[in-house]
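Enquirer: The structure that follows is given in the form of structure tokens.
The values are calculated or read from the model by the stated rules, or taken from the named source; none is laboratory data. Bear in mind the structure is a predicted one, so any value in this text is a computation, not a measurement. Cβ placement follows ideal geometry from the backbone for every residue including glycine, while neighbour counts extend to all protein chains displayed. Note: accessible area is taken over every heavy atom of the protein model, side chains too, but ligands, DNA and RNA are not part of it. Shrake-Rupley method; radii C 1.70, N 1.55, O 1.52, S 1.80 Å.
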Amino acid sequence: MKVLLTPFGLYMRAAAGGLPLLLALNFKQMSLYYAPAFFCHMLGLCLSRPTWRGRAGTVLALGLVVVGTFVLCWLPFLAGGAPAVRAVLSRLFPVQRGLYEDKVANVWCTLSVLPGLKLRANASASHALRLSLAAVLASLGLPAASMLRRPSERAFELGLVCCALSFFLFSFQVHEKHILLALAPASALLGEAPVLVGWLCAIGCFSMFPLLERDGLAIAYVGGLAVLCALVAAARALAPADRDTDRDADRGLSGENWLEGWLRAGARALPLLVSGSALGMGALHAAAALVRAPARYPDLHQYLFCAYACAHFCTAWLALQAWHACHLLGWRYGGECGGRHALRKKGN
């Protein structure tokens, strides 16, 4: 869907670009993972038109498409009355299934291992729903403002990943496989940031290992990681080097603020961080294979996998939030002049 919609959004064909997403939203609630990025990017493009007539016209066109698509999708169910509408809403938003399913590498499941923070057990479904909704809305603030204020291709691409991670980490009714919704737009950047994207995809596979092992897919998991490593190696070999950016990163930029410095330091330390992360994943796999979980905590290894992966997802989410903060403020590392090169430097 991202591949289909990106050209429409980038060339400001707001009405045509929004239609596939609207149809997806009326089919499955998981499309909400992408909705804030598409909405803010497309609205930002509309508002960036040079004249007020152009802005009003594109916003009106977008609004008509949104309202018209929802009316057409819901018209058969509206004819069936309130029971039919409630039945469809319960399928679109299955809140009765709870805060998360099984062992998920998100914030709520990870916090549940701590005494007094078992939200699924200690809070009612309505309270947990309101808390998760507030957390998601708060986490979307920076990328939404960045895409509205300075719409660009890079802000949109990274906004998709950031918004999807926000929903995975903080939203209600999350499944292990939902991390794939964040990895899908991230994988489109493999050619520019092979190490960074490959690391994120590897952590995503790692977070799903307990589910894959339970379904008898442990060998497929190993094979998938091997293919991923081969793709990362090929992408690194084919990625063009950016000498100017390398020189800037080596000597530092004059006037660099602390946030840009933090991002640049993380980019330079990325190979070391990835190596340490891989060692940690290997150690947890070895412990799961060789050490029996205590009878009092039979799911210990699964929770360790989830907590370890969640820490990595939170780190990636914080880095994306920092990038959007730089982009919103017009700083070099987050701007158009530095955004693409900075990401490539992270990957190499």
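Enquirer: Considering only region 43-70, how many residues are without any contact (Cβ under 8 Å) to a residue 60 or more places away in the chain and either open to solvent by 70 Å² or more (accessible area, probe 1.4 Å) or in contact with a Gly (Cβ under 7 Å, 6 or more places away or on another chain) (or both)?
Expert: Looking only at region 43-70, we keep the residues that are without any contact (Cβ under 8 Å) to a residue 60 or more places away in the chain, and these are 46, 49-70.
Retained after the next criterion (residues that are either open to solvent by 70 Å² or more (accessible area, probe 1.4 Å) or in contact with a Gly (Cβ under 7 Å, 6 or more places away or on another chain) (or both)): 49-53, 55, 60, 62, 64-67, 70.
Number satisfying all stated conditions: 13.
Enquirer: Restrict the check to region 132-148 and report whether at least one residue is open to solvent by 50 Å² or more (accessible area, probe 1.4 Å), modelled with pLDDT of 90 or more and farther than 27 Å from residue 203 by Cβ. It would help to see each step written out before you state the result.
Expert: Here is the first cut: in region 132-148, the residues open to solvent by 50 Å² or more (accessible area, probe 1.4 Å) are 133-134, 137-138, 142, 148.
Going one step further and asking which of them are modelled with pLDDT of 90 or more, we end up with 133-134, 137-138, 142, 148.
Remaining after also requiring farther than 27 Å from residue 203 by Cβ: 148.
Taking every residue of region 132-148 in turn, at least one turns out to be open to solvent by 50 Å² or more (accessible area, probe 1.4 Å), modelled with pLDDT of 90 or more and farther than 27 Å from residue 203 by Cβ.
Enquirer: Here's another thing I want to ask about it. Tell me yes or no: at least one residue of region 286-301 is crowded, with 20+ Cβ neighbours inside 10 Å, at pLDDT 75 or above and farther than 30 Å from residue 137 by Cβ. Break it down into steps so the answer makes sense when it comes.
Expert: Step one: of region 286-301, the residues crowded, with 20+ Cβ neighbours inside 10 Å are 301.
Next, only the ones that are at pLDDT 75 or above stay: 301.
If we keep only those that are farther than 30 Å from residue 137 by Cβ too, we end up with 301.
Checked region 286-301: at least one residue is crowded, with 20+ Cβ neighbours inside 10 Å, at pLDDT 75 or above and farther than 30 Å from residue 137 by Cβ.
Enquirer: Considering region 171-219 alone, what residues qualify as being of a type in the set (Gly, Ala, Ser), part of a loop (DSSP other than H, G, I, E, B) and in contact (Cβ under 8 Å) with a residue 12 or more places away in the chain?
Expert: Pass one, region 171-219, residues of a type in the set (Gly, Ala, Ser): 171, 182, 184, 186-188, 191, 193, 198, 202, 204, 207, 216, 218.
Those still in the list that are part of a loop (DSSP other than H, G, I, E, B) too: 171, 188, 191, 193, 216.
Selection gives 171, 188, 191, 193.
Enquirer: Kindly check whether there is at least one residue in region 39-59 that is modelled with pLDDT under 85 and under 30 Å from residue 173 (Cβ atoms).
Expert: For region 39-59, residues modelled with pLDDT under 85 and under 30 Å from residue 173 (Cβ atoms): absent.
Enquirer: Could you look through region 322-341, keep only residues that are crowded, with 21+ Cβ neighbours inside 10 Å and within 19 Å of the chain's Cα centre (by Cα), and pick out the one that is modelled with the lowest pLDDT?
Expert: Our first condition is that a residue be crowded, with 21+ Cβ neighbours inside 10 Å; within region 322-341, this holds for 323-324, 326-327, 333-334, 338-339.
Restricting the remaining residues to those that are within 19 Å of the chain's Cα centre (by Cα) gives 323-324, 326-327, 334, 339.
Working: 323: 87, 324: 90, 326: 85, 327: 86, 334: 50, 339: 40.
Taking the candidates together, the pick is 339.
Enquirer: To continue, here is another question. Report, ordered by the first and then the second residue, all pairs with beta carbons closer than 7 Å, sequence separation of six or more or different chains, a first member in region 314-332 that is closer than 11 Å to residue 169 by Cβ, and a second member that is buried (at least 17 other Cβ atoms within 10 Å of the Cβ) and modelled with pLDDT of 90 or more.
Expert: 314/169; 316/165; 316/200; 317/162; 317/165; 317/166; 317/169
Enquirer: Also: Can you tell me which residue among 254, 275 is open to solvent by 60 Å² or more (accessible area, probe 1.4 Å) and at pLDDT 75 or above? Even if it seems obvious, please write down each step before you answer.
Expert: Details: 254 fails: at pLDDT 75 or above.
After applying the criteria, what remains is 275.
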